[in-house]
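Each reported figure results from applying straightforward, stated rules to the coordinates on display, with no laboratory input. On a predicted model such as this, the values are computed, not experimentally measured, just so you know. Note that each Cβ is placed from the backbone with ideal geometry, even for glycine, and that neighbours are counted across all protein chains shown.
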Amino acid sequence: MSQTYTAPQPGLLKLAGIPYFLIAFVARLPFAMMVVGVLTVVVAARGSISLGGLTSAAVGLGTACFGPFLGAAADRFGQRVVLLVLAVSNGAMLVVFTGTVYGSAADPLVLLTAVGIGATAPQVAPMSRSRLVTIIADRMPEAQRARTLSGTMAYESAADETVFVFGPFLVGVLATAIAPSAPLIGAATLTVLFVGAFALHPSGRVISLQRDASGRAPSAVAELFRPRLLVVVLGILGVGLFFGAMLTSLTSFMADRGAPEQAGLLYGVMGVGSAVLALGVAWLPPSFSLRARWLVFSGILLAGSLLLGAVSSPGMMMLALGIMGIGIGPTLVTQYSFGAARSPLGRSTTVMTMLGSGVIVGQSIGAALTGELAESVGTAPALVLPVVAAIMVFAAGLANWFLSRTRPRAVRVSV
């Protein structure tokens, strides 16, 4: 009797390479610094929290208008050429914006250059997810895909959580230790160096086998607008709104106590628990379905946000942030897992960019609305907006519960 020997299948870490994960981690840091860095430098240079919030929203507007198209271009032509152009363009826009804010330019020109920052933002996180999902689908056996995909989404979300917390923290450190403009100059340098390295990594040549020779996808564009996918975009938009509203209202809260530059440091309390819990999602039992996870963890986020109405000291704020951190990380992992499972064939980068854009757009809108409210009415009303955002995330999870008649099969990986 003859036997067929099957060689052990390499894991994702070996397929992508350790340097890939290091480069991809640092390369997504400038994206996390942009909104907060823009808010910080505008408030410092122009003395207006309201204008700072509007400028942050302008960054989000640029991302909303151009982000999905950049993802579609990466799906069609490959990520390398798209990212190389964006690395140079975005680095230049960050420098131009800094000069514009400190110059004598009128506020509309400041807003216009902020739109340019968002329009050229290299969305490394969604593109990294797309690369890894493509590798899983094309180069790993089907039996390994389910657990590998779950672990990958958990890692990627934990990495996002880490940089979205460390980004504001780094902005606070650089702005305090050097100058308010230092975070944006630092972000420009990191963009050119590490986004460029991410573009040139061998995985940048990976294109889904589901695309034909001309680069066309087998799925129709209309599939991107199915309710089961749009509800995920809506939910992740709510997460972005929460990030922007929470950080801006926290900045106002600390400004009332004479230390606005410490808001990023306090914000880190939420991020630590969030990142740890995001990683832990990979070890949750399969019986704890994705749609149930969304409801449970967004419920914890909502419960923590309700404590903001009773916060009267930095210590109480840290407690509320800690509870919210337990909910926000796993919720984000779950939403990205739904996005991967529901991506139309051949459009993974487009979907992941839509989700990544949802976070940054929500963050920008949340910062703008909260900044305006904090400046015109006060901190207490501004602290209501994170609660509204948390309600939106929970409501989207509830809608998803009814749209998900059956739990998405993790073994199906669409790219």
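Figures for the structure shown
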quantity: Full-extension gain in nm, Phe21 to Ser313, via 0.36 nm per residue minus C-alpha separation; calculated: 101.2 nm
quantity: Nearest-ten-degree value, helix 290-306 long axis tilted from longest Cα axis of the chain; calculated: 10 degrees
quantity: Dipole of the chain, positive end: most advanced residue of Met93, Leu295, Thr63 [Cβ charges, Cα centre]; calculated: Leu295
quantity: Positive-pole candidate from Ala245, Leu398, Gly329, dipole of the chain, charges at beta carbon; calculated: Leu398
quantity: Listed peptides 363-375, 329-341 by packing density, highest first (mean Cβ within 10 Å); calculated: 329-341, 363-375
quantity: Ser343 long-range amide H proximity, modeled H, under 5 Å; calculated: Ser414
quantity: Net charge of Cβ neighbours under 12 Å - reference Val233; Lys, Arg +1; Asp, Glu -1; calculated: +3
quantity: Net charge dipole size for the chain [Lys, Arg +1 and Asp, Glu -1 on Cβ; Debye, nearest 20]; calculated: 1480 debye
quantity: Crossing angle, helix 314-341 versus the chain [Cα axis fit, 0-90 degrees, rounded to tens]; calculated: 30 degrees
quantity: Mean Cα-pair separation over length for the chain, i.e. relative contact order, pairs under 8 Å, 6 or more apart, %; calculated: 28 percent
quantity: Charged-residue dipole, Cβ positions (Lys, Arg, Asp, Glu), region 263-415 about Cα centre, Debye nearest 20; calculated: 880 debye
quantity: Positive-end residue of Gly186, Gly47, Ala24, charge dipole of the chain with Cβ unit charges; calculated: Ala24
quantity: In Hz, Karplus ³J(HN,Hα) per residue of region 186-199 (6.51, -1.76, 1.60; θ = phi - 60°; x = Gly, Pro); calculated: x, 5, 5, 5, 4, 4, 5, 6, 8, 5, x, 5, 4, 5
quantity: Dipole moment magnitude, nearest 20 debye, region 99-157 about Cα centre, only Lys, Arg, Asp, Glu C-beta charged; calculated: 280 debye
